[in-house]
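First the structure, in the form of C-alpha cells, and then the observations on it.
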C-alpha cells in the first residue's frame, strides 16, 4: 500500500508540478549590509530560537538572508532574480528605477537616521587632522562602504553643499568594520561611523573628531528601506503578507525592553562580538526602527530631490504612487493589531 501511494504521489507531482510546488514553503531571499541596523540576520536567528514569535516561518515561507557590501550591489541581485527583498538606500532606490529600469516598490522600513532622540551617522576625522571644515576635504581620501549607499549619499550631499565635487577627493571603498583602523593608520582621512563605533568615539575625544553628521547633511531620513519588484509581489502576495506579519512581530520583539538581554544574546551570537560591546543596540544610541515597519516616504522623496539638485543623482524619480506598495505591511499589521 505504501508503495502504491508513493507511485500515485509521483504521478500527481508529474501532472501537477507547479501546483504541487506551491505546497512547499517559498524561499524569501532578503539582502542586508550591517547588523543590528539591518535586522534580517537577527530575525533569521530569532526564528530558530523563539519560534513562538513566528506564525508562518517554515509553513508558507522560509527565510534566506544574504550579506552585501552595500545597498547598491543589491540592485543587480534583484535584476537577475537572485534577491526578493532588497535593502536599498534612497539613492539605490532611485538608481534601481531610473538606471536598472526595475519596477521597484517601497514596501517597508529598515532603518531611519536622525530621528529625534536616536542615532545619526557620524563622519569622523582624526582629532589632529588638518581637516577643520568641509572645504578641507579637497585632495583627501574618503572611506565609503559602497558608492550610492545611504552613508555614501549623505556624505556626498554634504560635500556638494560646500562646493566639493567627486573629482576633488579620492574614494576608498571598504567595509565599515575596517574604517577605524584605516583612519588610525593614516590610510584614509575621513570615515562614516555606525552606532557600533559610538562607545569608541565617546571614550577617545582626543583621538577622534566628528566633522559632521548625516542629519547635518540631509536631515532625518529613511536611510534604508526594503524594496521589492512589482512582479515578485504579484507572484506570491499572500506569502509576503505572511512574511511581513512575522517580520513586524520580530521587530517589535527586538525593540521591546523586556527582551533586551535575549536580544543582545542573539546579536552577540550572530556578530561573534562580546555582548558587553553591544550595549548601543536596540537603544536610543541605535538607528530607529519603526514598530510597524512603516517607511517615512516624505523623507525618501526629499532626499532624492536634494540629491538630484546637487548632482549626486542623475535623474529625479517621483516615488508616489507608482513606486510604493505599503499594502503588505498594512495587511500584516491589521492581522496583528486588529486595525
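The values are calculated or read from the model by the stated rules, or taken from the named source; none is laboratory data. Only a predicted model underlies this, so the values are computations on that prediction, with no experimental measurement involved. Glycine also receives a Cβ, built like all others from the backbone with ideal geometry; neighbour counts cover every protein chain displayed.
Could you tell me whether segment 33-56 includes any residue that is over 22 Å from residue 286 (Cα atoms), out of contact with any helix residue (DSSP H, G or I) (no Cβ under 6 Å at 6 or more places or on another chain) and modelled with pLDDT of 95 or more? For segment 33-56, residues over 22 Å from residue 286 (Cα atoms), out of contact with any helix residue (DSSP H, G or I) (no Cβ under 6 Å at 6 or more places or on another chain) and modelled with pLDDT of 95 or more: absent. Can you find even one residue in segment 254-261 that is crowded, with 20+ Cβ neighbours inside 10 Å and not in a strand (DSSP E or B)? Yes, segment 254-261 contains a residue that is crowded, with 20+ Cβ neighbours inside 10 Å and not in a strand (DSSP E or B). Of the residues making up segment 265-279, none is without any contact (Cβ under 8 Å) to a residue 60 or more places away in the chain, within 30 Å of residue 230 (Cβ to Cβ) and either touching a helix residue (DSSP H, G or I) at 6+ places or on another chain (Cβ under 6 Å) or assigned to a helix (DSSP H, G or I) (or both). Of 29, 105, all but one fail to be in the same structural domain as residue 261 (by TED's automatic domain parsing), modelled with pLDDT of 95 or more, surrounded by fewer than 21 Cβ atoms within 10 Å (Cβ to Cβ) and touching a helix residue (DSSP H, G or I) at 6+ places or on another chain (Cβ under 9 Å); the exception is 29. Taken together, 39, 95 contain a single residue that is within 21 Å of residue 266 (Cα to Cα), out of contact with any strand residue (DSSP E or B) (no Cβ under 7 Å at 6 or more places or on another chain) and surrounded by 14 or more Cβ atoms within 10 Å (Cβ to Cβ), which is 39. Only residues that are touching a residue at least 60 places away in the same chain (Cβ under 8 Å) and either within 13 Å of the chain's Cα centre (by Cα) or under 18 Å from residue 107 (Cα atoms) (or both) were counted across segment 36-60, and they come to 7.
Those residues that are within 21 Å of residue 206 (Cα to Cα) and part of a loop (DSSP other than H, G, I, E, B), I need them from segment 123-139; list them, please. Of everything in segment 123-139, those that are within 21 Å of residue 206 (Cα to Cα) and part of a loop (DSSP other than H, G, I, E, B) turn out to be 127, 128, 129, 130, 131, 132, 133. When the criteria are applied in full, residue 278 fails the requirement of being surrounded by 15 or more Cβ atoms within 10 Å (Cβ to Cβ), touching a strand residue (DSSP E or B) at 6+ places or on another chain (Cβ under 6 Å) and more than 21 Å from residue 148 (Cα to Cα). The strands (runs of 3 or more DSSP E) falling completely within segment 61-116 that include 3 or more residues that are without any contact (Cβ under 8 Å) to a residue 60 or more places away in the chain map to 61-67. Of the residues making up segment 159-176, those that are in contact with a helix residue (DSSP H, G or I) (Cβ under 8 Å, 6 or more places away or on another chain), in contact (Cβ under 8 Å) with a residue 12 or more places away in the chain, surrounded by fewer than 22 Cβ atoms within 10 Å (Cβ to Cβ) and outside any loop (DSSP other than H, G, I, E, B) are 161, 168, 172.
Residue 294 passes all but one of (1) within 30 Å of residue 100 (Cβ to Cβ); (2) buried (at least 17 other Cβ atoms within 10 Å of the Cβ); which number fails? Exception for residue 294: condition (2). Within segment 117-143, the set of residues being at positive phi and in contact (Cβ under 8 Å) with a residue 60 or more places away in the chain comprises 117 only.
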